[in-house]
Amino acid sequence: MKLWDELKGNFVAFKDKSRTVKMYVCGPTVYDTPHLGHLKTYTVYDALAKYLKFSGYSVLYIQNITDIDDKIINRALEIRDDPMSLSEKYTKEYMDIMRKAGIDSVSFYAKATRSVPDIINQIRVLERRGFVYRLPDGMYFRVWMDRNYGVLSRQVPENQVSGKRAKVSELKEDPRDFVLWKFRKPGEPYWKSPWGDGRPGWHVEDSAIILRYLGTSFHIHGAGADLKFPHNESELSLMRCMKGNSNICKAWTYSGVIRINGEKMSKSLNNGISAREILDKYSVEAIRYAFLSSNYSSEMDFSWGMMDEASQNVSYLNRAFTRIRTMKHGAVEIGARNYAETFFGYLDDNFNTRMALVTLYEVSSEIFKHEEISEDEAGILNKMFMVGQEVLGVIRNHESISIEPGTVVSLLELRKRLKQMKMYGESDSIRSALSESGIIVEDSGEDVTWFKER
RNA sequence: GGACAGGUGGCAGAGAGGCGAUGCGUGGGACUGCAGAUCCCAUCUACUAGGGUUCAAAUCCCUACCUGUCCUCCA
């Protein structure tokens, strides 16, 4: 499989399946409930990790949780809560959302507060090498010492400075310098360090966690596109200064930001839709379909209409999958092998989930045109749809049925007999009763299919 | 102002020099006790504008305009 590397601006190929793919994705700052943007990014990387596993790699997938930060402290102050219990609450909330969204491929969540020793170690090393200086409010990183600062975001130094909106401390040696260790203020949570009590800066948190769990050489770095500068730039700079060269991560990848009414969804614009809200309104499969139906790196306009469309498409794929598994085996061939090749080809090509879904859709419509299919092809199609179910997560798992399947079958037997006697009122009431318990019954001629709704 | 992405049919969104992807929507039809589902047909001078390169450009080059992201916390 190949992925686009934003740092070098080229594709990198993954071939060696004996190697563990090491993957890092920037996690959330837990001071509020997650919104759609979080959900989108983590869905994309969840699917990617699962696809790599499916392809035969073992995957080590680390994500951080920023559970100490200015925003957490400020929010806690606002609502007169303790910062640590606030971040704990929203960490639980985040985990709950992830579980509900079927995102379960992360090997380990590294909390910032649990990584303080690693962070201190990193600052120490950097200090020894002369990258660190002290100001009254904290320890700072000397950006000018890293000549390559700016390569990731292609920001020339003048631009890093000319952002006139940033209020830069007069005391900093260079306006670009950022804080590694922030000294405590009264009432704030703090940790002990060689420089004084305080807490870690944001950028060094990620670089320390990466170094600790993945080392100075890993494969995939993922984040929302809005984190590229200054966060990832600084994170990369720190790792570079630790290692001495830039060969740290093979593929810097970005998940395109979600827009709503043409603007980025963000807290400051107050145009966010919470992850919880959408999970209440739509099935996990529909949500994942919506997110995976555009390229992971491109921006995405969100609308409720697109969610409805995704729901419909998911339902179509589900029906097709049911049909594949219940179809008679015969001589008919639809070119399943070609479809499968195309399907996996797209996924291997920079994880083009959109086109993979289109392929799944085309296969589905082919399936509905025939009454039977060869056993061989049924097997191939089954494999494709299993990937749709377990990797992309856009196909419902049919096993979770609330009523005993045996009960359903006997009710349908009864209904069939009633229909033969043309007692339609009675047969329809069985159908609607089942529908109320979430079982949809559909006739097509003599054949009856049933499945769980939602 | 700078950097980086884009501008494609009613909408969403691929493609990337020569066959009008795909889905949704809309109109018609088939099937059907009903409902649902599914299928078939139709919806077509689609590629922001203006120049250029070419036998051929939505696709390459230049210019302009427009939109978004980042340059402040952000997934």
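Quick note: the coordinates plus some simple rules give every number you see, no bench work behind them. Just so you know, these numbers come straight off a predicted model, no measurement behind them. Please note: Cβ atoms are built from the backbone with ideal geometry, for glycine as well, and neighbour counts cover all protein chains shown.
Quick notes on this one:
- The angle between the Cα long axis of helix A:424-436 and the longest principal axis of the Cα atoms of chain A comes to about 10 degrees, rounded to the nearest 10.
- Cα centroids of segment A:1-36 and segment A:402-446: 48 Å apart.
- Built amide H within the under 5 Å cut-off of A:Phe14, gap 5+: A:Lys2, A:Leu3
- Against chain A, whose longest principal axis is taken from its Cα atoms, helix A:405-420 shows a tilt of about 40°.
- Here segment A:233-301 is treated as a sphere whose radius is the Kirkwood value from Cα pairs; by Stokes-Einstein at 10 °C and 1.306 mPa s it diffuses with a coefficient of 107 µm²/s.
- Of A:Lys111/A:Lys264; A:Lys89/A:Lys111; A:Lys416/A:Lys452; A:Lys89/A:Lys264; A:Lys100/A:Lys250, pairs whose Cα-Cα distance is over 21 Å: A:Lys111/A:Lys264; A:Lys89/A:Lys264; A:Lys100/A:Lys250
- Cα-based Rg of chain A normalised by 2.2 N^0.38 Å, two decimals: 1.16
- J(HN,Hα) series, segment A:316-322, from Karplus relation 6.51 cos²θ - 1.76 cosθ + 1.60, nearest Hz, glycine and proline x: 4, 4, 4, 4, 5, 5, 4
- With Rh defined as the Kirkwood radius, the inverse of the mean 1/r over Cα pairs, the Rg/Rh of segment A:1-151 is 1.02.
- Loop-resident sites, segment A:162-267, for GluC sites (Glu not before Pro), counting at most 10 other Cβ within 10 Å (DSSP): A:Glu170
- Prolate/oblate/rounded call for segment A:303-390, Cα gyration tensor, a/c under 1.5 rounded: oblate
- Taking every C-alpha pair closer than 8 Å and separated by at least 6 residues, the mean separation divided by the residue count of segment A:303-454 gives a relative contact order of 20 percent.
- Nearest 10 degrees, 0 to 90: helix A:375-390 Cα axis against chain A principal axis: 40 degrees
- Contact order normalised by residue count of chain A, Cα under 8 Å, 6+ apart, percent: 16 percent
- Rounded to the nearest Hz, the phi-derived 3J(HN,Hα) couplings of segment A:46-56 under the Karplus curve 6.51 cos²θ - 1.76 cosθ + 1.60 (θ = phi - 60°) are 4, 5, 4, 4, 5, 5, 4, 4, 4, 6, x, where x marks glycine and proline.
- Applying the criteria of a DSSP loop state and at most 11 other Cβ atoms within 10 Å to the trypsin sites (Lys or Arg not before Pro) of segment A:281-372 yields A:Lys369.
- Take every pair of alpha-carbon atoms less than 8 Å apart whose residues are at least six positions apart; their mean separation over the length of segment A:405-452 yields a relative contact order of 22 percent.
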